[in-house]
Amino acid sequence: MKARVIEQPTLPPAQGEEEHISLALANSAIALPGGLTVDLLGTPAQANHWLTERGLAPVDAGMREMCATQLRSLREQIRSLFASRAAGLPALPAAVTAINDAMTRVPTAPLLQWDDKTGPYRSTPHPTTAIVDHALAALAADAADLLTSPDAERLTACGSTPCTRYLLRHGRRHWCSTRCGDRARAARAYARRSASQ
């Protein structure tokens, strides 16, 4: 079992995360050298913070473990789809179903409400579960948009072991960060030196 790290790493967003929140979600579990991992959604408070930073939940949403578990589950389904797309393999039907379920779980339009004093109005209810459902729907829709857009051709896994992040490739760059690129180049240089000896 991999050791967990509590503090956040200081990694810049991977290429494409700022345009696609689903890519940021997929990269919210970070593998570090030495078998360490960081889960930015590891606790309900961390999940709430992650959603708040992206405008998907208010600061005081009151996330519970069930909400954080739903978010982590969607992350794994999105990662599965990204892995399939990047490798040119068929997607797991369960992952496609999970994305579609998340997108259709919430109404797409404000519902009609009726107040006895003021009359009819339209609104979307936002208790904590509705907030999470709306966030999941937005993340799933973004993943579907990314996977069906021209950007999908540039979707790739970071080329540096043990990193598990995804990025939208720009030119020949296959690393999510300078740190990963430096590590990959150092590993290649070490392999060349070892082979020549």
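Structure above, values below:
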read-out	value
Cα-based radius of gyration of the stretch 44-99 once divided by 2.2 N^0.38 Å, which approximates compact folds	1.34
Choice from Gly55, Gly34, Gly159 with maximal GNM fluctuation in the chain (Cα, 10 Å cutoff)	Gly34
Dipole magnitude of the stretch 48-197 about its Cα centre (Cβ charges: Lys, Arg +1; Asp, Glu -1), debye to nearest 20	1240 debye
Cysteines in the chain lacking a second Cys C-beta under 4.7 Å	Cys67, Cys180
Calculated [θ] (222 nm, deg cm²/dmol) that DSSP helices of n ≥ 4 give over the chain, each run adding -39,500 (n - 2.57)	-15000 deg cm²/dmol
Charge dipole (the chain, unit charges on Cβ, about Cα centre) - positive-most of Thr52, Gln15, Thr178	Thr178
Asp182, Asp151, ranked by accessible area, largest first (probe 1.4 Å)	Asp182, Asp151
³J(HN,Hα) computed for each position of the stretch 14-23 - Karplus, 6.51 cos²θ - 1.76 cosθ + 1.60, integer Hz, glycine/proline x	5, 3, x, 4, 5, 8, 10, 5, 5, 5
Identified option (computed Rg and Dmax of the Cα atoms in Å; candidates (1) 17.2, 50; (2) 19.6, 86; (3) 15.9, 45)	(2)
Mean Cβ count within 10 Å, highest first, over the residues of peptides 86-96, 165-175, 132-142	132-142, 165-175, 86-96
Heavy-atom accessible area per residue - the chain, 1.4 Å, Å²	57 Å²
Cα-based convex hull volume of the stretch 1-106 per residue, rounded to whole Å³	137 Å³
Point-to-point label distance, Asp101-Arg54, nm (Cα→Cβ direction, 7 Å offset)	1.9 nm
Tilt relative to the chain, helix 128-148 - C-alpha long axis, 0 to 90 degrees, to 10	50 degrees
0 to 90° range, to nearest 10: angle between helix 65-87 axis and the chain longest Cα axis	50 degrees
Surface share of carbon and sulfur [accessible, 1.4 angstrom probe, percent] for the chain	57 percent
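The values are calculated or read from the model by the stated rules, or taken from the named source; none is laboratory data. For clarity, every value in this text was computed on a predicted model and none was experimentally measured. Counting neighbours? That spans all protein chains shown, and the Cβs are built from the backbone with ideal geometry, glycine included. These area figures cover heavy atoms from the full protein model, side chains too; ligands, DNA and RNA do not enter into them. Shrake-Rupley method; radii C 1.70, N 1.55, O 1.52, S 1.80 Å.
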